[in-house]
Amino acid sequence: KMRLKAKALLIKMLPHISEIVDVRTLAFILLGLCQLKNLGWKQYTLQRQKMLDHALKTILDEYKKNSNHEWHWIENALRYDNCRIPYALLKVAESFKKEEIRPVALQMLDFIIDNTFEFLPNHFRFIGNKGYMPKGGKKPLFDEQPIDAGSTVQACHMAYKTTGINYYKQMAYKAYGWFHGDNILRRPLFNLKRQSVYDGITETGLSMNQGA
């Protein structure tokens, strides 16, 4: 039932797909297409393919435009929910047999990990939302957000699943551990009693809001 509702929403989007240029929105569209791949489309096969092609082309064009030998990313800054994009590309590579995009996705993922995992303290320190990390600049340390840890878990798990490289499995566990105290505060963001997650790590400690 939920899949049918999701399909109905995607069908409504089909006429407007060319208007969408935000890379994170397109990443979510790719993930939706992967989930609904085997659901009956028939009369929408051509439109679905156009949606897939548009999302992939836009993301990969942005990568070509913004990346260089030191900056393996699709924008001129690392912002929020970065791992969602390589995660979506890895899912598409698997679901639609597009192996040619896997190396680009892994290059993006490696770049994000290099800039968010700190080896000396041995935990993730995600890009803060107070300015984000510009090309050639330093990352702001606060506020770290759960959305980044969550997408990092998914992307690293997918990378391990498709490559078998144990490094990605280890990084998935470390990103998951961020929720349970493996972070700069050494405090869990997961509230066991309420089965919820605190909104982030701020300069003064945990954000006690649990709205997300």
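The values are calculated or read from the model by the stated rules, or taken from the named source; none is laboratory data. What you are looking at is a predicted structure, and each value in this text was computed from that prediction instead of being measured. Virtual Cβ from ideal backbone geometry, glycine too; neighbours counted across all protein chains shown. In case anyone asks, the SASA skips ligands and DNA or RNA and just uses the protein heavy atoms, side chains included. Shrake-Rupley method; radii C 1.70, N 1.55, O 1.52, S 1.80 Å.
Among the residues of region 157-165, is any out of contact with any Gly (no Cβ under 6 Å at 6 or more places or on another chain), within 15 Å of LEU90 (Cβ to Cβ) and not in a helix (DSSP H, G or I)?
yes
So, SER196, is that one modelled with pLDDT under 95, farther than 26 Å from ILE74 by Cα and in contact with an Asp or Glu (Cβ under 8 Å, 6 or more places away or on another chain) or not?
No, not satisfied.
If you scan region 78-104, which residues turn out to be farther than 15 Å from LYS37 by Cα and free of Cβ contacts under 8 Å to residues at least 60 places away in the same chain?
Passing the criteria: ARG79, GLU99, GLU100, ILE101, PRO103, VAL104.
Among residues belonging to region 69-123 that are part of a loop (DSSP other than H, G, I, E, B), open to solvent by 10 Å² or more (accessible area, probe 1.4 Å) and among the acidic types (Asp, Glu), point out the one that is nearest to ARG24 (Cα to Cα).
The qualifying residue nearest to ARG24 (Cα to Cα) is GLU75.
For region 168-197, give me the residue count where each residue is under 16 Å from TYR87 (Cα atoms) and open to solvent by less than 80 Å² (accessible area, probe 1.4 Å).
5
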